[in-house]
Structure formats: C-alpha cells, structure tokens
Amino acid sequence: MAFAAASWRQSVGRYSAVSRAYVRVGLALRFEFLVGLGATLLNTWILVSIWSVIRSGSSDVQAAFDAPDMATYMVVAGVVNFARMGHASRRVIYRSLRQVSTGQIAVELVRPVNMQLLRYAEWLGVFLVDALLVAVPTWLIFRLAGVVDDPSSGMSVALFALSIGLAWLVLAGLHFIVNAITLMSISGSGVTMARVAIQEFFGGALIPLALMPGALRVVADLLPFQAITSTPTLVYMDRLEGPELVRAFGVQVIWAIALFAIGMVVWRLLVRRVQIQGG
C-alpha cells in the first residue's frame, strides 16, 4: 500500500511538472496570445451582432432568449469554445501532428511514460494559460462594455467552474482520440479541422442548442460536444436547475470517463500498427 501511494505521488508530480512547464512556455508567448485575444474578441463580437439581428426578426428566438440573455449566451459560449482552442491548444495539437509526419513519434513511443496522461498534462497547462490570457480578458472586456451579465450568485460561479473542469476533461478526451487516429494518416490536419467544425456546431458555440430543429437537437444530445460548450454556458446563466442540472453534470462525467476509456483502447490498438514516417 505504501509503495502504491508513493508511486502514485511520483506520477502526479511527474505529470504536473509537465503542466507547469507548458504554463511557463505559454506565458512567455505573450504576443501570440494578444493575437489570440484579438481574434477571440472579434469572433465573439461578430456572433453577438449576428444573433442580435436574428433575434430582432424571429419570434422563436425572442421566446427562447431576451436580448441580454442572448448576448450573454454568445459571449460565454464564445469564451468557453475559443479559449480552449486558442493558440496554445493548437500549438500542442499541431506539434503532435508534426511528430507523426516527421517520424519523431518513434522517440515518444519508447519513453517510459503513459502517453495519454502526458497529453492530458500538456493540454492542462495550455488550457490554464488560454484561460488566463484569453478567456478571462475576453469576458472582462465584454462585461465592462455591458454586453454580458454577471453570474447570479457565488454558487453559480462555483457550479460554472465545476462544469468548466468537466468540460475540459471531455475536450481532452476528444483531443487524445483524434491524436491517436492521426497515427494512421499521413496528415491529421483534416481530421482536426473536422473535429473543430463539428464541435462548434453541435456544441452550441454557433447556434444555441435550444434553437436547433428537432432532428439536429436529437443528434446534438447524443454527441459529447454539448458537454464542452453548451452545458457550462447554461450553468453560468442559471438555465439549468434541479434535476436538469444534475443530469447535465452527469452527462459531462459520463462522457469524460467514456472518452478517456475509448482513448485508451484506441491508442493501444493503433500504436501496434503505426507506420513511422519521416527519415
């Protein structure tokens, strides 16, 4: 028992050191994050403006969201979505893709580390930097401009933070599965871009799920993407209460565990058949 506890502490220390290293690297790339912040602000402002126009001419949208709620939804959804696919996240993903295309993945595979935990540790580090340098400033700027409402209470803030943590676990699971699939391809850029497009659409970053037609809403409910963007946003806005809130958190937990397990199986299957490129 003591040996197992010591081994566990050693593993936690090893992977947390990786996260801290990526935090330091991210903080050193401040100009690139300024560019990412500018892009996030622009994208979010465009979505807020588009939905303001749509709402003014649609009784269905007016029934679902009043004007402040519509703006708040698009800002928070934009922050949640774009912050975790910001520059730092793309940097780690594309580095992994380059490792496959250049053959450097062979070196990674012989290291005495759990590749899945290593990737999660890397993404945790860059997520924290994205949140600090992109997500929080974006929210604050729109808040000072009077576009987005504050959470209603301290409990709402705590529940939102919990939902964000679970959403990150779901996103990391998806990242890892896509990363594993690239082992069997010459270039994984197409797979990655497809994942981002599908995530933004079915996650509720572009269209609130409540406004989707029936068939699309059913598909969205069956996919994990709602747990990444829509759920934290609705928690922030106090749109989920009682059994609905418990169910939403349960869906996030189930997808986080399921994607971790799927990623583990997919990695073990594909790594046996990997074709080393480069030379």
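The values are calculated or read from the model by the stated rules, or taken from the named source; none is laboratory data. Quick caveat: nothing in here was measured; it's all calculated off a predicted structure. All Cβ positions, even for glycine, are placed from backbone atoms using ideal geometry, and neighbour counts span all protein chains on display. Please note that ligands, DNA and RNA were not included when accessible areas were found on the heavy atoms of the full protein model with its side chains. Shrake-Rupley method; radii C 1.70, N 1.55, O 1.52, S 1.80 Å.
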May I ask you to list pairs of residues, at least six apart or on different chains, whose Cβ atoms are under 6 Å apart, with the first in region 181-202 being of a type outside the set (A, V, I, L, M, F, W, C) and at pLDDT 70 or above and the second being open to solvent by 30 Å² or more (accessible area, probe 1.4 Å) and in a loop (DSSP other than H, G, I, E, B)? GLU200/LEU206
Cβ-Cβ below 7 Å, separation at least six or inter-chain, first residue in region 230-245 and without any contact (Cβ under 8 Å) to a residue 24 or more places away in the chain, second assigned to a helix (DSSP H, G or I): which pairs? LEU240/LEU234; LEU240/ALA248
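Assigned to a helix (DSSP H, G or I), within 19 Å of the chain's Cα centre (by Cα), at pLDDT below 85 and not small (Gly, Ala, Ser), is that true of ASN81? Write out each step before concluding.
On the way: assigned to a helix (DSSP H, G or I): yes; within 19 Å of the chain's Cα centre (by Cα): yes; at pLDDT below 85: yes; not small (Gly, Ala, Ser): yes.
When the stated conditions are applied, ASN81 passes them.
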Is region 231-244 home to any residue that is surrounded by fewer than 13 Cβ atoms within 10 Å (Cβ to Cβ), modelled with pLDDT under 90 and either hydroxyl-bearing (Ser, Thr, Tyr) or outside any helix (DSSP H, G or I) (or both)? yes
